[in-house]
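The values are calculated or read from the model by the stated rules, or taken from the named source; none is laboratory data. Bear in mind that the values here come from a model prediction, so they are computed numbers and not experimental data. Glycine gets a Cβ as well: all are built from the backbone with ideal geometry, and neighbour counts include every protein chain shown. For the accessible areas, the whole protein counts, side chains as well, though only heavy atoms, and no ligand, DNA or RNA atoms are used. Shrake-Rupley method; radii C 1.70, N 1.55, O 1.52, S 1.80 Å.
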Amino acid sequence: MEFITLTQDDPRFAAHLDGTFSRTKRALPIETYHPQTPKERVTFRILPLEQVDRPFWWKIYFLSCRPELLPLTLGPAVAAWLAHLGRLEDWRPWPSWLALMGLFFLHTSIFLFNDVQDHLHGYDRLNRRRGSQVIQKGWVRAVDMKRWAWLNGALALALAVPAFWATPWQLLGICSLALLALVLVMRGVAVRWGLADLALILLFGPLLTAGIVLASFTEVGWADVLLGGAFGLITAWTLQVRQFENLFRSRPEGFRTFIGHLAFDRAKQVVVIEGVLLLSIQALFAYWLEVAQLAIWLVPFAVVPSVILVSRMARAASPLSSRLVGSEWWALGSQLAWTLWWMVAVSVSWV
(Lines give C-alpha, C1' and ligand atoms only; values in the text may rest on other atoms or scores of the structure.)
Protein backbone atom coordinates (compact mmCIF):
# COMPACT_ATOMS: atom_id res chain seq x y z
CA MET A 1 0.00 0.00 0.00
CA GLU A 2 1.32 3.42 -0.99
CA PHE A 3 0.20 6.98 -0.22
CA ILE A 4 0.92 10.14 -2.14
CA THR A 5 -0.15 13.75 -1.58
CA LEU A 6 -0.37 16.01 -4.61
CA THR A 7 -1.20 19.67 -5.02
CA GLN A 8 -3.10 21.19 -7.91
CA ASP A 9 0.03 22.61 -9.52
CA ASP A 10 1.71 19.20 -9.59
CA PRO A 11 1.81 17.83 -13.17
CA ARG A 12 0.74 14.40 -11.82
CA PHE A 13 -2.36 15.77 -10.08
CA ALA A 14 -4.85 15.53 -12.98
CA ALA A 15 -3.67 12.06 -14.01
CA HIS A 16 -4.17 10.67 -10.51
CA LEU A 17 -7.57 12.33 -10.26
CA ASP A 18 -8.95 10.92 -13.53
CA GLY A 19 -7.13 7.58 -13.23
CA THR A 20 -4.91 7.84 -16.32
CA PHE A 21 -1.66 7.69 -14.31
CA SER A 22 -1.71 3.87 -14.52
CA ARG A 23 -3.70 0.99 -15.99
CA THR A 24 -2.65 -1.47 -13.30
CA LYS A 25 -3.24 0.73 -10.23
CA ARG A 26 -6.00 2.83 -8.71
CA ALA A 27 -5.62 6.16 -6.90
CA LEU A 28 -8.24 6.34 -4.14
CA PRO A 29 -8.72 9.90 -2.77
CA ILE A 30 -8.44 9.72 1.02
CA GLU A 31 -8.33 13.40 2.00
CA THR A 32 -9.16 16.54 0.05
CA TYR A 33 -8.38 20.09 1.13
CA HIS A 34 -9.43 23.41 -0.44
CA PRO A 35 -11.10 21.99 -3.59
CA GLN A 36 -11.56 24.34 -6.54
CA THR A 37 -8.87 26.68 -5.24
CA PRO A 38 -5.16 27.09 -6.13
CA LYS A 39 -4.39 25.52 -2.73
CA GLU A 40 -6.19 22.24 -3.48
CA ARG A 41 -4.36 19.25 -2.06
CA VAL A 42 -5.38 15.60 -2.26
CA THR A 43 -3.93 12.53 -0.54
CA PHE A 44 -4.33 9.36 -2.62
CA ARG A 45 -3.96 5.75 -1.58
CA ILE A 46 -2.37 3.82 -4.43
CA LEU A 47 -3.56 0.23 -4.75
CA PRO A 48 -2.79 -2.45 -7.35
CA LEU A 49 -5.91 -3.16 -9.39
CA GLU A 50 -6.12 -6.75 -8.13
CA GLN A 51 -6.39 -5.48 -4.54
CA VAL A 52 -9.43 -3.32 -5.27
CA ASP A 53 -12.55 -5.18 -4.17
CA ARG A 54 -14.66 -4.53 -7.28
CA PRO A 55 -18.11 -6.08 -7.88
CA PHE A 56 -19.25 -7.31 -11.30
CA TRP A 57 -19.39 -4.63 -14.00
CA TRP A 58 -23.20 -4.74 -14.20
CA LYS A 59 -23.49 -3.86 -10.51
CA ILE A 60 -21.11 -0.94 -10.98
CA TYR A 61 -23.18 0.23 -13.96
CA PHE A 62 -26.43 -0.19 -12.03
CA LEU A 63 -25.17 1.87 -9.09
CA SER A 64 -23.71 4.48 -11.45
CA CYS A 65 -27.07 5.08 -13.12
CA ARG A 66 -28.44 6.21 -9.72
CA PRO A 67 -31.46 3.87 -9.49
CA GLU A 68 -32.90 5.83 -6.55
CA LEU A 69 -33.36 8.79 -8.92
CA LEU A 70 -35.02 6.86 -11.77
CA PRO A 71 -38.56 7.75 -10.58
CA LEU A 72 -37.69 11.40 -11.25
CA THR A 73 -37.32 10.69 -14.97
CA LEU A 74 -39.20 7.49 -15.73
CA GLY A 75 -42.09 8.24 -13.33
CA PRO A 76 -43.54 11.21 -15.28
CA ALA A 77 -43.02 9.38 -18.57
CA VAL A 78 -44.91 6.27 -17.43
CA ALA A 79 -47.70 8.39 -15.90
CA ALA A 80 -48.05 10.35 -19.16
CA TRP A 81 -48.34 7.07 -21.08
CA LEU A 82 -50.91 5.66 -18.64
CA ALA A 83 -52.99 8.81 -19.08
CA HIS A 84 -53.70 7.67 -22.66
CA LEU A 85 -54.87 4.12 -22.02
CA GLY A 86 -58.13 5.06 -23.71
CA ARG A 87 -56.27 5.77 -26.98
CA LEU A 88 -54.46 2.48 -27.42
CA GLU A 89 -55.69 2.27 -31.01
CA ASP A 90 -53.46 5.29 -31.76
CA TRP A 91 -50.50 3.96 -29.82
CA ARG A 92 -47.22 3.49 -31.71
CA PRO A 93 -45.58 0.60 -29.78
CA TRP A 94 -42.02 0.63 -31.10
CA PRO A 95 -41.38 4.40 -30.95
CA SER A 96 -42.99 4.43 -27.50
CA TRP A 97 -40.88 1.63 -26.02
CA LEU A 98 -37.71 2.90 -27.67
CA ALA A 99 -38.37 6.40 -26.33
CA LEU A 100 -38.69 5.01 -22.78
CA MET A 101 -35.45 3.05 -23.22
CA GLY A 102 -33.79 6.16 -24.63
CA LEU A 103 -34.95 8.11 -21.60
CA PHE A 104 -33.28 5.57 -19.33
CA PHE A 105 -29.97 5.87 -21.20
CA LEU A 106 -30.26 9.68 -21.20
CA HIS A 107 -30.85 9.62 -17.44
CA THR A 108 -27.79 7.38 -17.01
CA SER A 109 -25.63 9.52 -19.28
CA ILE A 110 -26.48 12.71 -17.37
CA PHE A 111 -25.70 11.22 -13.96
CA LEU A 112 -22.50 9.56 -15.20
CA PHE A 113 -21.29 12.94 -16.45
CA ASN A 114 -22.42 14.45 -13.15
CA ASP A 115 -20.42 11.88 -11.15
CA VAL A 116 -17.28 12.61 -13.17
CA GLN A 117 -17.61 16.38 -12.75
CA ASP A 118 -18.40 16.15 -9.04
CA HIS A 119 -15.36 13.91 -8.56
CA LEU A 120 -13.03 16.25 -10.42
CA HIS A 121 -14.44 19.31 -8.62
CA GLY A 122 -14.08 17.63 -5.23
CA TYR A 123 -17.73 17.54 -4.16
CA ASP A 124 -18.00 13.74 -4.03
CA ARG A 125 -14.53 13.48 -2.51
CA LEU A 126 -15.52 15.75 0.38
CA ASN A 127 -18.92 14.22 1.00
CA ARG A 128 -18.97 10.42 0.78
CA ARG A 129 -22.76 10.40 0.90
CA ARG A 130 -22.97 12.14 -2.49
CA GLY A 131 -23.10 10.47 -5.88
CA SER A 132 -22.62 6.79 -6.60
CA GLN A 133 -19.07 6.78 -5.09
CA VAL A 134 -17.89 4.15 -7.60
CA ILE A 135 -14.97 6.38 -8.64
CA GLN A 136 -13.95 7.14 -5.07
CA LYS A 137 -13.94 3.40 -4.26
CA GLY A 138 -11.67 2.69 -7.22
CA TRP A 139 -14.23 0.51 -8.99
CA VAL A 140 -13.93 2.57 -12.16
CA ARG A 141 -11.66 5.36 -13.37
CA ALA A 142 -13.12 8.81 -13.96
CA VAL A 143 -11.85 8.72 -17.54
CA ASP A 144 -13.67 5.42 -18.16
CA MET A 145 -16.89 6.67 -16.59
CA LYS A 146 -16.79 9.63 -18.96
CA ARG A 147 -16.62 7.19 -21.87
CA TRP A 148 -19.59 5.32 -20.43
CA ALA A 149 -21.46 8.62 -20.30
CA TRP A 150 -20.80 9.34 -23.98
CA LEU A 151 -21.83 5.78 -24.91
CA ASN A 152 -25.11 6.03 -22.99
CA GLY A 153 -25.77 9.42 -24.56
CA ALA A 154 -25.21 7.94 -28.03
CA LEU A 155 -27.61 5.07 -27.24
CA ALA A 156 -30.24 7.55 -26.05
CA LEU A 157 -29.89 9.54 -29.27
CA ALA A 158 -30.10 6.42 -31.45
CA LEU A 159 -33.22 5.12 -29.69
CA ALA A 160 -34.93 8.50 -30.07
CA VAL A 161 -34.65 8.46 -33.88
CA PRO A 162 -37.85 6.41 -34.59
CA ALA A 163 -39.90 8.87 -32.52
CA PHE A 164 -38.96 11.70 -34.88
CA TRP A 165 -40.43 10.04 -37.95
CA ALA A 166 -44.04 11.05 -37.28
CA THR A 167 -43.58 14.40 -35.49
CA PRO A 168 -40.07 15.64 -36.31
CA TRP A 169 -40.54 19.38 -35.78
CA GLN A 170 -42.54 19.16 -32.56
CA LEU A 171 -40.06 16.77 -30.96
CA LEU A 172 -37.13 18.81 -32.24
CA GLY A 173 -38.58 21.87 -30.50
CA ILE A 174 -39.08 19.94 -27.25
CA CYS A 175 -35.57 18.47 -27.39
CA SER A 176 -34.06 21.90 -28.06
CA LEU A 177 -35.85 23.39 -25.04
CA ALA A 178 -34.80 20.39 -22.94
CA LEU A 179 -31.17 20.85 -23.99
CA LEU A 180 -31.33 24.54 -23.05
CA ALA A 181 -32.86 23.67 -19.66
CA LEU A 182 -30.16 21.03 -19.09
CA VAL A 183 -27.41 23.56 -19.82
CA LEU A 184 -28.98 25.99 -17.32
CA VAL A 185 -28.95 23.27 -14.66
CA MET A 186 -25.53 21.75 -15.35
CA ARG A 187 -23.79 25.11 -15.66
CA GLY A 188 -25.66 26.70 -12.78
CA VAL A 189 -26.60 29.67 -14.95
CA ALA A 190 -28.39 32.47 -13.08
CA VAL A 191 -29.35 30.26 -10.13
CA ARG A 192 -29.62 33.37 -7.99
CA TRP A 193 -32.82 34.32 -9.82
CA GLY A 194 -34.24 30.82 -9.77
CA LEU A 195 -33.72 30.09 -13.48
CA ALA A 196 -32.06 26.76 -12.71
CA ASP A 197 -35.09 25.78 -10.59
CA LEU A 198 -37.43 26.80 -13.43
CA ALA A 199 -35.31 24.73 -15.81
CA LEU A 200 -35.67 21.72 -13.49
CA ILE A 201 -39.46 22.14 -13.43
CA LEU A 202 -39.61 22.21 -17.23
CA LEU A 203 -37.04 19.46 -17.74
CA PHE A 204 -38.62 16.94 -15.36
CA GLY A 205 -42.16 18.10 -16.09
CA PRO A 206 -43.92 19.42 -19.21
CA LEU A 207 -41.02 18.78 -21.59
CA LEU A 208 -40.71 15.20 -20.40
CA THR A 209 -44.41 14.32 -20.49
CA ALA A 210 -45.03 16.13 -23.79
CA GLY A 211 -42.08 14.36 -25.39
CA ILE A 212 -43.15 10.85 -24.40
CA VAL A 213 -46.76 11.50 -25.46
CA LEU A 214 -45.66 12.81 -28.86
CA ALA A 215 -43.42 9.78 -29.36
CA SER A 216 -46.21 7.39 -28.38
CA PHE A 217 -49.35 9.04 -29.81
CA THR A 218 -48.06 11.78 -32.22
CA GLU A 219 -50.11 14.56 -30.59
CA VAL A 220 -50.08 16.24 -27.20
CA GLY A 221 -52.75 18.17 -25.30
CA TRP A 222 -52.87 20.69 -22.46
CA ALA A 223 -53.69 17.91 -20.00
CA ASP A 224 -50.30 16.34 -20.73
CA VAL A 225 -48.57 19.67 -20.10
CA LEU A 226 -50.48 20.18 -16.82
CA LEU A 227 -49.59 16.68 -15.69
CA GLY A 228 -45.98 17.47 -16.46
CA GLY A 229 -46.25 20.67 -14.41
CA ALA A 230 -47.37 18.67 -11.37
CA PHE A 231 -44.38 16.35 -11.72
CA GLY A 232 -41.94 19.18 -12.42
CA LEU A 233 -42.84 20.97 -9.18
CA ILE A 234 -42.48 17.77 -7.14
CA THR A 235 -39.09 17.00 -8.66
CA ALA A 236 -37.69 20.53 -8.30
CA TRP A 237 -38.64 20.54 -4.60
CA THR A 238 -37.14 17.06 -4.13
CA LEU A 239 -33.82 18.19 -5.63
CA GLN A 240 -33.86 21.33 -3.48
CA VAL A 241 -34.27 19.25 -0.33
CA ARG A 242 -31.45 16.93 -1.42
CA GLN A 243 -29.13 19.89 -1.80
CA PHE A 244 -30.35 21.61 1.37
CA GLU A 245 -29.50 18.61 3.56
CA ASN A 246 -25.78 18.83 2.75
CA LEU A 247 -25.41 22.40 1.51
CA PHE A 248 -24.18 23.85 4.81
CA ARG A 249 -22.00 20.83 5.59
CA SER A 250 -20.25 20.90 2.19
CA ARG A 251 -20.38 24.54 1.19
CA PRO A 252 -17.71 24.27 -1.55
CA GLU A 253 -20.10 22.35 -3.80
CA GLY A 254 -21.58 25.67 -4.87
CA PHE A 255 -25.10 26.84 -5.55
CA ARG A 256 -27.14 24.60 -7.82
CA THR A 257 -30.57 25.84 -6.81
CA PHE A 258 -31.99 29.12 -5.59
CA ILE A 259 -31.81 28.18 -1.91
CA GLY A 260 -28.01 27.87 -2.16
CA HIS A 261 -27.76 31.66 -2.03
CA LEU A 262 -29.69 31.94 1.22
CA ALA A 263 -28.63 31.72 4.86
CA PHE A 264 -29.69 28.58 6.71
CA ASP A 265 -32.78 29.98 8.45
CA ARG A 266 -34.06 31.67 5.28
CA ALA A 267 -33.30 28.61 3.13
CA LYS A 268 -35.14 26.36 5.60
CA GLN A 269 -38.09 28.72 5.62
CA VAL A 270 -38.28 28.76 1.83
CA VAL A 271 -38.06 24.96 1.51
CA VAL A 272 -40.70 24.39 4.21
CA ILE A 273 -43.10 26.93 2.67
CA GLU A 274 -42.57 25.35 -0.75
CA GLY A 275 -43.33 21.93 0.75
CA VAL A 276 -46.61 23.18 2.22
CA LEU A 277 -47.56 24.94 -1.02
CA LEU A 278 -46.73 21.79 -2.96
CA LEU A 279 -49.61 19.95 -1.29
CA SER A 280 -52.05 22.69 -2.27
CA ILE A 281 -50.69 22.93 -5.80
CA GLN A 282 -51.01 19.17 -6.35
CA ALA A 283 -54.65 19.42 -5.30
CA LEU A 284 -55.11 22.27 -7.77
CA PHE A 285 -53.62 20.24 -10.61
CA ALA A 286 -55.83 17.31 -9.65
CA TYR A 287 -58.86 19.62 -9.84
CA TRP A 288 -57.83 20.98 -13.25
CA LEU A 289 -57.27 17.47 -14.59
CA GLU A 290 -60.59 16.23 -13.14
CA VAL A 291 -59.22 13.11 -11.48
CA ALA A 292 -61.73 10.48 -10.39
CA GLN A 293 -63.21 10.29 -6.89
CA LEU A 294 -61.33 7.04 -6.25
CA ALA A 295 -58.00 8.84 -6.71
CA ILE A 296 -59.04 11.56 -4.24
CA TRP A 297 -59.52 8.95 -1.52
CA LEU A 298 -55.93 7.78 -2.08
CA VAL A 299 -54.40 11.25 -1.56
CA PRO A 300 -53.52 10.65 2.16
CA PHE A 301 -51.12 7.86 1.14
CA ALA A 302 -49.22 10.30 -1.10
CA VAL A 303 -49.26 13.12 1.47
CA VAL A 304 -47.72 11.25 4.42
CA PRO A 305 -44.01 11.36 3.39
CA SER A 306 -44.29 15.05 2.44
CA VAL A 307 -45.88 15.96 5.78
CA ILE A 308 -43.24 14.05 7.75
CA LEU A 309 -40.42 15.68 5.77
CA VAL A 310 -41.80 19.22 6.16
CA SER A 311 -42.27 18.63 9.90
CA ARG A 312 -38.69 17.37 10.34
CA MET A 313 -37.21 20.29 8.43
CA ALA A 314 -39.32 22.89 10.22
CA ARG A 315 -37.99 21.67 13.58
CA ALA A 316 -34.32 21.62 12.51
CA ALA A 317 -32.50 24.24 14.60
CA SER A 318 -29.17 24.28 12.74
CA PRO A 319 -27.41 22.86 9.67
CA LEU A 320 -26.02 20.08 11.90
CA SER A 321 -29.41 19.09 13.32
CA SER A 322 -30.05 15.36 13.37
CA ARG A 323 -33.54 16.08 12.04
CA LEU A 324 -31.99 16.90 8.66
CA VAL A 325 -30.25 13.55 8.41
CA GLY A 326 -32.15 11.40 5.96
CA SER A 327 -34.09 14.30 4.45
CA GLU A 328 -32.88 13.25 1.01
CA TRP A 329 -34.54 9.85 1.35
CA TRP A 330 -37.75 11.32 2.73
CA ALA A 331 -37.79 13.68 -0.26
CA LEU A 332 -37.26 10.80 -2.71
CA GLY A 333 -39.95 8.83 -0.88
CA SER A 334 -42.32 11.78 -1.19
CA GLN A 335 -41.63 12.07 -4.92
CA LEU A 336 -42.18 8.33 -5.38
CA ALA A 337 -45.45 8.44 -3.41
CA TRP A 338 -46.80 11.29 -5.57
CA THR A 339 -45.60 9.50 -8.73
CA LEU A 340 -47.49 6.33 -7.81
CA TRP A 341 -50.56 8.40 -6.90
CA TRP A 342 -50.56 10.22 -10.25
CA MET A 343 -50.14 6.91 -12.08
CA VAL A 344 -53.24 5.56 -10.36
CA ALA A 345 -55.12 8.85 -10.74
CA VAL A 346 -54.64 9.17 -14.50
CA SER A 347 -55.23 5.46 -15.06
CA VAL A 348 -58.67 5.50 -13.41
CA SER A 349 -59.65 9.00 -14.60
CA TRP A 350 -58.71 9.26 -18.27
CA VAL A 351 -59.42 5.80 -19.62
Filtered residue count, region 9-28, keeping only those that are more than 20 Å from Arg147 (Cβ to Cβ) and either touching a helix residue (DSSP H, G or I) at 6+ places or on another chain (Cβ under 9 Å) or without any contact (Cβ under 8 Å) to a residue 24 or more places away in the chain (or both): 3
Selected residue (criterion: modelled with the highest pLDDT) from residues of region 6-46 that are under 27 Å from the mean Cα position of the chain (by Cα), open to solvent by less than 30 Å² (accessible area, probe 1.4 Å) and over 16 Å from Val140 (Cα atoms): Thr32
Any hit, region 84-107, residues being assigned to a loop (DSSP other than H, G, I, E, B), at pLDDT 90 or above and surrounded by 13 or more Cβ atoms within 10 Å (Cβ to Cβ): no
Filter pass, Ser334 being surrounded by 15 or more Cβ atoms within 10 Å (Cβ to Cβ), under 26 Å from Ala196 (Cα atoms), touching a helix residue (DSSP H, G or I) at 6+ places or on another chain (Cβ under 8 Å) and hydroxyl-bearing (Ser, Thr, Tyr): yes
Hits in region 317-332 - residues which are more than 13 Å from Gly275 (Cβ to Cβ) and of a type outside the set (Asp, Glu): Ala317, Ser318, Pro319, Leu320, Ser321, Ser322, Arg323, Leu324, Val325, Gly326, Trp329, Leu332
Unique residue being modelled with pLDDT of 90 or more, under 20 Å from Phe104 (Cα atoms) and of a type in the set (A, V, I, L, M, F, W, C) when the list is Leu182, Leu207: Leu207
Cβ-Cβ under 8 Å pairs, at least 6 apart or on other chains, region 123-147 side over 24 Å from Arg242 (Cα atoms), far side surrounded by 21 or more Cβ atoms within 10 Å (Cβ to Cβ) and charged (D, E, K, R): Gly138/Arg26; Arg141/Arg26
Any hit, region 68-89, residues being without any contact (Cβ under 8 Å) to a residue 60 or more places away in the chain and over 17 Å from Thr235 (Cα atoms): yes
Matching entry among Ala267, Ala316, Ala283 (being touching a helix residue (DSSP H, G or I) at 6+ places or on another chain (Cβ under 7 Å), outside any loop (DSSP other than H, G, I, E, B) and of a type in the set (A, V, I, L, M)): Ala267
Single unsatisfied condition, Ile308 versus (1) free of Cβ contacts under 8 Å to residues at least 24 places away in the same chain; (2) in contact with a helix residue (DSSP H, G or I) (Cβ under 7 Å, 6 or more places away or on another chain); (3) within 12 Å of Phe244 (Cβ to Cβ): (3)
Test: residue in region 153-164 that is in contact (Cβ under 8 Å) with a residue 12 or more places away in the chain, more than 20 Å from Lys59 (Cα to Cα), open to solvent by 30 Å² or more (accessible area, probe 1.4 Å) and aromatic (Phe, Trp, Tyr): no
Test: residue in region 47-57 that is of a type in the set (Val, Ile, Thr), more than 19 Å from Leu227 (Cα to Cα), open to solvent by less than 50 Å² (accessible area, probe 1.4 Å) and more than 27 Å from the chain's Cα centre (by Cα): yes
Checklist (1) under 28 Å from the mean Cα position of the chain (by Cα); (2) assigned to a loop (DSSP other than H, G, I, E, B) applied to Val78, failing item: (2)
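Scan region 167-183 residue by residue and report those that are farther than 17 Å from Ile201 by Cβ and assigned to a helix (DSSP H, G or I).
Across region 167-183, the qualifying residues are Pro168, Trp169, Gln170, Leu171, Leu172, Gly173, Cys175, Ser176.
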Test set (1) open to solvent by 80 Å² or more (accessible area, probe 1.4 Å); (2) closer than 21 Å to Gly75 by Cβ - Arg315 fails condition number: (2)
Matching residues in region 123-132 - criterion: being assigned to a helix (DSSP H, G or I) and open to solvent by less than 50 Å² (accessible area, probe 1.4 Å): Tyr123, Asp124, Arg125
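Those residues that are open to solvent by less than 20 Å² (accessible area, probe 1.4 Å) and of a type in the set (S, T, N, Q), I need them from region 108-122; list them, please.
Thr108, Ser109
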